[in-house]
Amino acid sequence: MEKSCNLLIHFDKGTPAIANEIKEALEGNDVPAKIDAMKKAIMLLLNGETLPQLFITIVRYVLPSEDHTVQKLLLLYLEIIEKTDTKGRVLPEMILICQNLRNNLQHPNEYIRGVTLRFLCRLNETEIIEPLIPSVLQNLEHRHPFIRRNAILAVMSIYKLPQGEQLLVDAPEMIEKVLSTEQDASAKRNAFLMLFTCAQDRAVNYLLTHVDRVSEWGELLQMVVLELIRKVCRTNRAEKGKYIKIIISLLNAPSTAVIYECAGTLVSLSSAPTAIRAAANTYCQLLLSQSDHNVKLIVLDRLNELKSSHRDIMVDLIMDVLRALSSPNLDIRRKTLDIVLELITPRNINEVVLMLKKEVMKTQSGELEKNGEYRQMLIQAIHSCAIKFPEVASTVVHLLMDFLGDSNVASAVDVVVFVREIIETNPKLRVSIITRLLDTFYQIRAARVCSCALWIIGEYCLSLSEVESGMATIKQCLGELPFYSVSEEGEATDASKKTPQANSITVSSRRPAVLADGTYATQSAASETAFSAPTVVQGSLASGNLRSLLLTGDFFLGAVVACTLTKLVLRLQEVQPSKVEVNKATTQALLIFVSMLQLGQSPVLPHPIDNDSNDRIVLCIRLLCDTGDGIRKIWLQSCRQSFVKMLSEKQLRETEELKAKAQVSHAQPDDLIDFYHLKSRKGMSQLELEDEVQDDLKRATGEFVNDNDDANKLNRILQLTGFSDPVYAEAYVTVHHYDIVLDITVINRTKETLQNLCLELATMGDMKLVERPQNYTLAPESSKQIKANIKVSSTETGVIFGNIVYETSNVLERTVVVLNDIHIDIMDYISPAVCTDAAFRTMWAEFEWENKVAVNTVIQDEKEFLNHIIKSTNMKCLTPVSALDDECGFLAANLYAKSVFGEDALVNLSVEKQADGKLSGYIRIRSKTQGIALSLGDKITLKQKGGG
């Protein structure tokens, strides 16, 4: 069996030292050479060499040395050499060592005494330790604290040995005396730790006797006190009240480590509102006082846990948490906003929004590189506040509209989506939003933002003045017609011959984009970023943003402009009594449409207009020339109704999710309930009383009940060997977040004793065995429980395989029983998650690993197949149910999940029903890491058949 190891040193195997060279160096008088030789000897021993010939040399030449480094290395050497023979008896030559150790323990130099005492802490041989005990005990009263603190640790480790209680019968009593007189903080901590581990009652007694002075003790001792309180309260919950008082008093300690531990201990022991409030206040104080980003993130994690279990208390501290936004780190800001958004109530919404507005204003002035990203986060936060509490929308919407022309396209898109939702949900704000939008429209620089803003203008300009202003704004942004002159066309033709590279640049910037239904479309990079002026056509910012974007070849935007103008003209026909004005507006709109079509077919641009946009603009021309009532209704009412339906469905989904969370039942119908009014209250403080009440409530609601479903446990047992094998083995697999625990039962089916039975495991994939296997002896027909821990470092399917090896007394050879493979399922690591469509598309474009699986199934219904895949892959369908309604023989849906390691898994499913009723299509999986993409692909291939 392998020994435990206290020492790890890097060893360069390239230049191994030779034993004879080491021996010569040790025998010489040169101290640096001796030190070097000792280091080499220790490294060789740590790497499996035995070097028996060195022992006597070291006893003769190294033991007498007075040099401190040599003595320290000597103790390390003594720690790692073999001190017993094969039968476990101490080697006779260790007597020589024993005498040297006794001398060291009485050495006049404090350092030598201290390191020798520390060495004794790592010694397990009773025969060597026994003669040294009187010298160790003498050192408990030494004048120097370094020696006293190490002597206490030595006493503790000797007392913890198997025969320790016989060697040091009255050790706890002695240490208690030392504790009462000791002045040194570190020695005091060690003495209390000794009582805590070896005589807990004495430690508790000492703590309760000196309860008033706990807050004056040193940081180290206070940490051990908290550890003791946790241990005592776990075993004896009735005693909790008096210990919680001690923790509350420690919350004012000067050490931040102590107050952090206090808060954690309070939360784990008590649910009393006073205790939780004290812990939460402490975390908020740490959040603001600590400058280290990692500490802030850890504290935010603790606050997040408190938020889920004690939301009412956290609501009062929302403004304290928000102050963490002053940190420049984006992760801290993101986490803070996530916590705050779930704590918003009608009482605090105005304060929160005011704070967020101030932060948005700050992002304008600062020159920080991450300002754009931070602004986007703030805008999304304000958006969700305004959706939950529509009354605050009026205070923020106008401020946010200043950012429609933001150079950060993502935050500008967030603003325009927010404005679109608010204008529908808050009819009172419609007029002011439209006026502001028309005023700021010329500042918008991104095509996606323009498209959405144009849709708002087309749908919500209702009065005559608004419709006229809307049309005037669009015309102004399109500039003078036509979009190019004949002379420019001639120049462009020449230029395209002379400068082919200009065209190639534009071509290379085009890439496939993912539409909402999961299909691909080609989009120009110009539409993603703020535009640059085209090289061929004369178009500058002065001539209007829509014109410049059109001249980069963005005809999708052209089609949106055409639809918006069409809606405005149709509405003008309803609100404008003068037919002359209506006809004038109609002809101007038609001229714009024709100009766009002309531009799309001219050689001025590197790409002609795409068919979709061309058809859309032609449709608008036909419509304005001949409008029927049915078509008018579709254009002026149905569009808006679809949007309203989308918003109501989104709200419905959110309320259903909240209801589902609220419906999780904790209590069983026949659970016992304690009525705390009937309890005796003698001598109980308010805090103790609160704690009792909370415990009773928890008991009543089943929070203390350990709901391990035994039937479910049986489903996870895997048989590793056959029933006829001499050794039967089965494993119960528990998957925790970052590790897998195999609980393996091994049964000896034979009538013989199995010796040196060893379970050998190996892994495939990103998994590592934590400990080396041990050897066991198994009596006839007896069983043994063996635990094996395996660390997991990424989300992918892994395989654990191995065998059981053993010896029997009558056979010299080792017998090997091969075990069944254990497959670790990726489903244990991924859970359904939610993200926005925009986030999904961004990730889809960024992730480099794609796995494409062809659909091959016996299921004939598209929705049934989608549900089967969702169930098999444990993912969440992001595509709303309404988008999947009705029969059309085609279905596209996006699925999303997150792993315990924070990795994202994206799936797009596109299927079509063939003439013969079978489904065909593809399932695409994308992720940042190869493991998820491949493992999910394998899982889908395995499960997609369905049917059986």
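General remarks:
- In the set V911, V858, only one residue is surrounded by fewer than 17 Cβ atoms within 10 Å (Cβ to Cβ), among the hydrophobic types (A, V, I, L, M, F, W, C) and over 26 Å from G798 (Cβ atoms); that residue is V858.
- For the stretch 914-948, filtering for residues that are of a type in the set (A, V, I, L, M, F, W, C), open to solvent by 20 Å² or more (accessible area, probe 1.4 Å) and modelled with pLDDT of 85 or more leaves 2.
- L266 under 27 Å from S308 (Cβ atoms), in contact with a Cys (Cβ under 7 Å, 6 or more places away or on another chain) and without any contact (Cβ under 8 Å) to a residue 40 or more places away in the chain: no
- Filtered by the rule that a residue be open to solvent by 40 Å² or more (accessible area, probe 1.4 Å), polar (S, T, N, Q) and either under 47 Å from the mean Cα position of the chain (by Cα) or under 20 Å from T209 (Cα atoms) (or both), the stretch 164-187 gives S180, T181, Q183.
- Residues of the stretch 388-404 that are in a helix (DSSP H, G or I), under 31 Å from the mean Cα position of the chain (by Cα) and surrounded by fewer than 18 Cβ atoms within 10 Å (Cβ to Cβ): K388 alone.
- Single residue of the stretch 88-111 satisfying the filter (within 51 Å of the chain's Cα centre (by Cα) and either modelled with pLDDT under 80 or acidic (D, E) (or both)) that is farthest from E141 (Cα to Cα): G88
- The stretch 826-855, residues that are assigned to a loop (DSSP other than H, G, I, E, B) and touching a helix residue (DSSP H, G or I) at 6+ places or on another chain (Cβ under 8 Å): C835, V855
- The stretch 188-239, subset closer than 24 Å to D170 by Cβ and outside any helix (DSSP H, G or I), residue most open to solvent (accessible area, probe 1.4 Å): H210
- Figure legend. Inter-residue proximity from the stretch 343-356: first residues without any contact (Cβ under 8 Å) to a residue 40 or more places away in the chain, second residues not aliphatic (A, V, I, L, M), beta-carbon distance below 7 Å, spacing 6+ or different chains. Indicated pairs: L343/K307; L343/R311; V352/C385.
- Contacts under 6 angstrom Cβ, first residue in the stretch 647-661 being at negative phi, partner open to solvent by less than 70 Å² (accessible area, probe 1.4 Å), 6 or more apart: E649/P880; E649/S882
- Residue within the stretch 405-416 that is touching a residue at least 60 places away in the same chain (Cβ under 8 Å), surrounded by fewer than 17 Cβ atoms within 10 Å (Cβ to Cβ) and not in a helix (DSSP H, G or I) present: yes
- Taking first residues from the stretch 325-340 that are in contact (Cβ under 8 Å) with a residue 24 or more places away in the chain and partners that are assigned to a loop (DSSP other than H, G, I, E, B) and open to solvent by 20 Å² or more (accessible area, probe 1.4 Å), the Cβ contacts under 6 Å between residues at least 6 apart in sequence or on separate chains come to L330/K370.
Every residue, every condition in (1) open to solvent by 10 Å² or more (accessible area, probe 1.4 Å); (2) without any contact (Cβ under 8 Å) to a residue 24 or more places away in the chain; (3) not aliphatic (A, V, I, L, M), yes or no:
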{"site": "V62", "(1), (2), (3)": "no, no, no"}
{"site": "E79", "(1), (2), (3)": "yes, no, yes"}
{"site": "K87", "(1), (2), (3)": "yes, yes, yes"}
{"site": "S135", "(1), (2), (3)": "no, no, yes"}
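- Scanning the stretch 587-630 for residues that are closer than 21 Å to L550 by Cα and β-branched (V, I, T) yields T587, I592, V594, V604, I609, I617, V618, I621.
- Considering only residues in the stretch 615-658 that are open to solvent by less than 100 Å² (accessible area, probe 1.4 Å), more than 50 Å from the chain's Cα centre (by Cα) and of a type outside the set (A, V, I, L, M, F, W, C), the one that is nearest to V560 (Cα to Cα) turns out to be R632.
- Boolean, G553 is touching a His at 6+ places or on another chain (Cβ under 6 Å), open to solvent by less than 60 Å² (accessible area, probe 1.4 Å) and more than 25 Å from S882 (Cβ to Cβ): yes
- Candidates G798, G765: the one that is open to solvent by less than 30 Å² (accessible area, probe 1.4 Å) and either within 30 Å of I932 (Cα to Cα) or in contact (Cβ under 8 Å) with a residue 40 or more places away in the chain (or both) is G798.
For (1) acidic (D, E); (2) farther than 28 Å from G48 by Cα; (3) not in a loop (DSSP other than H, G, I, E, B), each residue gets a yes or a no:
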site: K87; (1), (2), (3): no, no, no
site: L117; (1), (2), (3): no, no, yes
site: P131; (1), (2), (3): no, yes, yes
site: I152; (1), (2), (3): no, yes, yes
site: M156; (1), (2), (3): no, yes, yes
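- Residue ID - nearest to M377 (Cα to Cα), chosen from residues in the stretch 301-336 that are more than 20 Å from the chain's Cα centre (by Cα) and of a type in the set (D, E): D320
- Those helices (runs of 4 or more DSSP H) of the stretch 251-319 in which at least 1 residues are surrounded by 21 or more Cβ atoms within 10 Å (Cβ to Cβ) and in contact with a Phe, Trp or Tyr (Cβ under 8 Å, 6 or more places away or on another chain), considering only elements entirely within it, cover 256-269, 273-289, 293-309.
- The criterion of at least 1 residues that are of a type in the set (G, A, S) is met, among strands (runs of 3 or more DSSP E) falling completely within the stretch 721-791, by 727-735, 754-764.
- Qualifying residue in the stretch 828-845 (condition: under 30 Å from F418 (Cβ atoms), open to solvent by 10 Å² or more (accessible area, probe 1.4 Å), in contact with a strand residue (DSSP E or B) (Cβ under 7 Å, 6 or more places away or on another chain) and charged (D, E, K, R)): yes
- Hey, S365 of a type in the set (G, A, S) and either touching a Ser or Thr at 6+ places or on another chain (Cβ under 7 Å) or loosely packed, with under 13 Cβ neighbours inside 10 Å (or both) or not: yes
- All positions within the stretch 861-881 that are open to solvent by less than 30 Å² (accessible area, probe 1.4 Å), in a helix (DSSP H, G or I) and either touching a His at 6+ places or on another chain (Cβ under 8 Å) or not polar (S, T, N, Q) (or both): E862, F865, L866, I869
The values are calculated or read from the model by the stated rules, or taken from the named source; none is laboratory data. What you see is a predicted model; the values in this text were computed from it and never measured. Positions of Cβ are generated from backbone atoms using ideal geometry, with glycine treated the same way; all protein chains shown enter the neighbour counts. The accessibility values were calculated without ligands, DNA or RNA, using every heavy atom of the protein model including side chains. Shrake-Rupley method; radii C 1.70, N 1.55, O 1.52, S 1.80 Å.
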